[in-house]
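Report on the structure given below.
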Amino acid sequence: MIISAFGAMAQNRVIGKDNDLVWDLPADLQRFKRMTSGHPVIMGRRTYESMGKPLPNRDNLVVTRQKGYSVRGCFVFPTVEAALEWCRKGEAEGRQGFEEVFVIGGGEIWKASWSLLDRLYLTIIHRDFEGDAFFPEFDWKEWRESFREDHSDPMPYTYYTLERISRG
Ligand SMILES: NC(=O)c1ccc[n+]([C@@H]2O[C@H](COP(=O)([O-])OP(=O)(O)OC[C@H]3O[C@@H](n4cnc5c(N)ncnc54)[C@H](OP(=O)(O)O)[C@@H]3O)[C@@H](O)[C@H]2O)c1
C-alpha cells in the first residue's frame, strides 16, 4: 500500500487560514478530485470540519483525539496509524483503490504522518499568502522528483510528485 500526501502550499508554506483555504485554484481542486476518487482519504478533524461533509466516491477517514466524535458518512480514528491499519486491512481484503491511500491534510495530520509517507503530490504556489496553518518543513534531499508541471494561470504554480528515497 502506497501512503501518499496530497496538498497545496504557498511558497511561505501557508496551506490555510481561519480553517479555510486561502486561494482559488479550481484546476488544482479538479486534479485532487480526479486523483483521489476511489481511494481512501485520511484527514484531520479540522480539515473535515472546514469541508463540512464527506468527499464523495471516497472512504473518508477522520483523525481526532476526541473520544465519541462521530460524523455521518466518515470513519473516525484516534491516530493516523489506526486509520492506516484500517486501510491495510481493506487492501488485504482486496478492496479496490486501497493500493494507494491519500493523507489530505491539514498541517497537523501531515506532520503526524510524515515518517510514514511514501509519496507527495504537492502543489506549490509561487507567492506568499497570509495564513495560520502550514505544510511541514521537510528535506527535499530525502525525495526524488518523478513529475513536475508548471502553470501560470491564474497565478504561477507547479505540480510536483515526489517519491521518498530515504527517511532521514
Ligand atoms: N492547502 C491544502 O492542500 C489544504 C489541505 C487540507 C487542509 N487545508 C487547510 O489546513 C487547515 C487545517 O489544518 P490544521 O493543521 O489546522 O488541522 P488538521 O490537521 O486538519 O486537523 C487537526 C486536528 O486533527 C487531530 N489531530 C492532529 N494530530 C493528531 C494526532 N497525532 N493524533 C490524533 N488526532 C490528531 C486533532 O483533532 P481534535 O482537536 O479533534 O483532537 C487536531 O485538532 C485549514 O485552514 C484547511 O483549510 C489546506
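Listing for the model above:
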| item | result |
| --- | --- |
| Proximal lysines relative to LYS33, as straight alpha-carbon distance under 25 Å, when same-chain residues fewer than 8 apart are discounted | LYS17, LYS53, LYS89, LYS111 |
| Assigned charges on the beta-carbon of Lys, Arg, Asp, Glu; the chain dipole about Cα centre (debye) | 500 debye |
| Computed over the chain: relative contact order in percent, which uses C-alpha pairs under 8 Å that are six or more apart | 33 percent |
| Check: the range 31-88 dipole with +1 on Lys, Arg Cβ and -1 on Asp, Glu Cβ, in debye | 240 debye |
| Integer Hz, Karplus 6.51/-1.76/1.60 couplings in order for the range 13-27, x for Gly and Pro | 6, 4, 10, x, 8, 6, 6, 8, 7, 10, 9, 10, 10, x, 5 |
| Amide hydrogen neighbours beyond the local backbone of TRP143, cut-off 5 Å, H modeled | ILE165 |
| Separation between Cα centres of the range 98-168 and the range 2-56, rounded to whole Å | 11 Å |
| Listed residue (PRO154, PHE75, ASN60) projecting farthest to the positive dipole end of the chain, Cβ model | PHE75 |
| Between 0 and 90°, nearest 10: helix 80-92 axis offset from the chain longest Cα axis | 70 degrees |
| Cut-off under 5 Å, modelled amide H: who pairs with VAL103 long-range | SER4, ALA5, PHE6, ILE42 |
| log10 of Debye I(q)/I(0), alpha-carbon scatterers only, for the range 113-168 at 0.25 Å⁻¹ | -1.09 |
| In Hz, Karplus ³J(HN,Hα) per residue of the range 48-64 (6.51, -1.76, 1.60; θ = phi - 60°; x = Gly, Pro) | 4, 5, 5, 7, x, 7, x, 6, x, 6, 9, 6, 9, 10, 10, 10, 8 |
| Long-range HN-HN contacts of ARG95 with modeled amide H, under 5 Å | none |
| Volume per residue that the Cα convex hull of the chain spans, once the total is divided by residue count, Å³ | 116 Å³ |
| Kirkwood hydrodynamic radius over Cα pairs of the range 1-69, then Stokes diffusion coefficient at 4 °C and 1.567 mPa s, in µm²/s | 96 µm²/s |
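Where a number appears in this text, it was derived from the coordinates with a stated rule and is not lab data. Just so it is clear, the structure is predicted and the values come from calculations on it, not from any experiment. Don't worry about glycine lacking a Cβ; one is built from the backbone with ideal geometry, like all the others, and counts go over all protein chains shown.
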